[in-house]
Every structure is written in structure tokens, then in C-alpha cells.
Amino acid sequence: MEELQNFLKIHSTVEVAQFLVGMYLEHETAKGKLGGYIVDCEAYLGPDDQAAHSYGMRQTPRLKAMYQEAGTIYLYTMHTHLILNIITETAGIPQGVMIRALQPVAGIKQMEENRGKTGVALSNGPGKLVQALGITRDLYGHSIFTSPLRLVTEKRKQPKKIQSLARIGIPNKDKWTEMPLRFVAAGNPYITNIRKSQISTDYGWQKEQH
């Protein structure tokens with residue numbers, strides 16, 4: 001955990017987003033531990049990023065968590081879905097990473113109950129994975145290092161290739177619409193909007209060394 005905290009201190013938001021691809025995200029709930037590998041995420045570089053909520057150093061009560069220290073959980077609602085973000089910079093610099101998709105590993109049956117879905121539809125989108133993991137708004141402003149929602153570096157998988165793409169749903173934001181600030185584990189079936197022809201049989205992971 002200390003290693004991860006130090007990583008956030010010395011790396012840019014884009015570097016953190018790339019590092020989070022393959023990271024194991026775990027939520028300890030009353031119904032057991034639910035978790036899986038992050039396979040798709042997006043960097044948001046406020047205050048310059050026109051697509052970021054904190055563009056121009058905008059400050060509202062909803063954005064309070066964005067101005068807190070690295071590791072803070074920032075949640076917001078979009079189209080009735082709760083969306084998970086992790087703040088990546090020192091306090092006062094409102095940048096973060098949205099977690100867009102997750103390959104489920106632990107507590108899959110409970111996730112299926114939470115979602116009412118099975119297969120890739122379980123967690124191949126930002127609102128879907130939040131619902132699958134049972135994440136609720138009361139985690140807003142808590143730390144990914146000390147809350148029931150945490151990153152487990154020991155379980156991290158290494159992607160064969162991290163692909164850089166334009167973020168999804170960012171129209172009319174000048175150069176920021178096409179900026180390659182989305183990072184995915186190429187070939188993983190849980191990536192948002194992946195084509196069947198792009199799916200790899202090994203889900204895009206390197207073989208583990210024993």
C-alpha cells in the first residue's frame with residue numbers, strides 16, 4: 001500500500017492511469033469481498049482539460065473531493081449511474097482517473113445479483129462496475145488506501161499491451177475530444193465497446209511467472 005501511495009506522489013495522472021490497467025480493485029462488503037481487474041480507465045487533467053469537471057478550477061460542493069489528496073474517492077452521478085474516480089495529484093490539483101471497466105474475479109455471483117446481469121454486461125462500463133461492486137455514495141471523499149474500497153497491488157496483472165484511445169462521450173471539447181487519455185488492456189472482453197474481432201483468448205494478460 002505504501003508503494004502505491006509513493007507511486008501516486010511521483011507520477012503524473014496519465015502515468016497513474018496507465019498503471020491502473022491491470023490493477024486489482026476490491027470492495028469489502030457485508031456480503032463478502034467483490035473484486036476484479038481494472039481493464040479500462042480514463043485520465044482527466046483539470047484545470048486545463050475541458051472535459052474535466054474541474055476545468056478552469058471550477059469549485060462546487062460536488063467537486064470537493066477532487067481537490068483532496070491523491071487516493072481520494074470521487075463519485076458522481078451521470079444518467080442516474082454512479083461513476084467511480086480516483087484522485088491522482090496532491091491536494092489542490094484536481095486531476096483524477098475514471099474507472100471505466102472491470103474484469104470480475106471475486107464474488108461474481110453477488111455481482112450478478114447486484115446487477116441482474118451476467119457475462120461482459122456485468123462490468124463493461126463505469127456505472128455497471130460500480131453497481132456490480134456494490135459501491136455507494138457514502139464512499140465519496142474517503143481514501144482508496146483506508147476505506148472498504150481499495151487497490152490490491154499484490155494481485156495486479158500485467159497487460160500484454162496498454163492501448164491509448166480517445167475518451168468516450170467527450171463531444172465538442174476542442175482538442176480534448178480526441179486526446180488519447182483512455183487506457184485499456186488490449187484484447188480484454190470487458191473493455192467498453194470492444195469488437196468481438198478484437199477480443200483475445202488470453203484476455204490480454206501476460207503469462208504469470210512462477
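The values are calculated or read from the model by the stated rules, or taken from the named source; none is laboratory data. Please read these numbers as outputs of a predicted model, since none were measured by experiment. Cβ: placed from backbone, ideal geometry, glycine included. Neighbour counts: every protein chain shown.
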Original post:
If we scan the stretch 28-42, do we find a residue that is part of a loop (DSSP other than H, G, I, E, B), touching a residue at least 24 places away in the same chain (Cβ under 8 Å) and small (Gly, Ala, Ser)?
Top reply: no
Subject >> Any hit, the stretch 8-23, residues being surrounded by 15 or more Cβ atoms within 10 Å (Cβ to Cβ), within 15 Å of the chain's Cα centre (by Cα), among the hydrophobic types (A, V, I, L, M, F, W, C) and not in a helix (DSSP H, G or I) >> reply: yes
**OP:** Among the candidates 26, 3, 15, single out the residue that is within 18 Å of residue 143 (Cα to Cα), modelled with pLDDT of 95 or more and of a type in the set (D, E, K, R).
**Re:** 26
Original post:
Tell me, which residue of the stretch 161-179 that is in contact (Cβ under 8 Å) with a residue 40 or more places away in the chain and surrounded by fewer than 16 Cβ atoms within 10 Å (Cβ to Cβ) is farthest from residue 28 (Cα to Cα)?
Top reply: 174
**OP:** Evaluate the stretch 44-55: report whether one residue or more is free of Cβ contacts under 8 Å to residues at least 24 places away in the same chain and either part of a strand (DSSP E or B) or more than 17 Å from the chain's Cα centre (by Cα) (or both).
**Re:** yes
Original post:
within 13 Å of residue 42 (Cβ to Cβ) and either among the hydrophobic types (A, V, I, L, M, F, W, C) or in contact with a Ser or Thr (Cβ under 6 Å, 6 or more places away or on another chain) (or both) - does that describe any residue in the stretch 197-207?
Top reply: no
Original post:
Picking from 135, 194, which residue would you name as being within 14 Å of the chain's Cα centre (by Cα), assigned to a loop (DSSP other than H, G, I, E, B) and at pLDDT 95 or above?
Top reply: 135
**OP:** Could you grab me the full set of residues in the stretch 56-93 that are of a type in the set (A, V, I, L, M, F, W, C), in contact (Cβ under 8 Å) with a residue 60 or more places away in the chain and over 26 Å from residue 162 (Cβ atoms)?
**Re:** 65
Subject >> Residues of the stretch 142-189 that turn out to be of a type outside the set (D, E, K, R), in a strand (DSSP E or B) and in contact with a helix residue (DSSP H, G or I) (Cβ under 9 Å, 6 or more places away or on another chain), as a count >> reply: 5
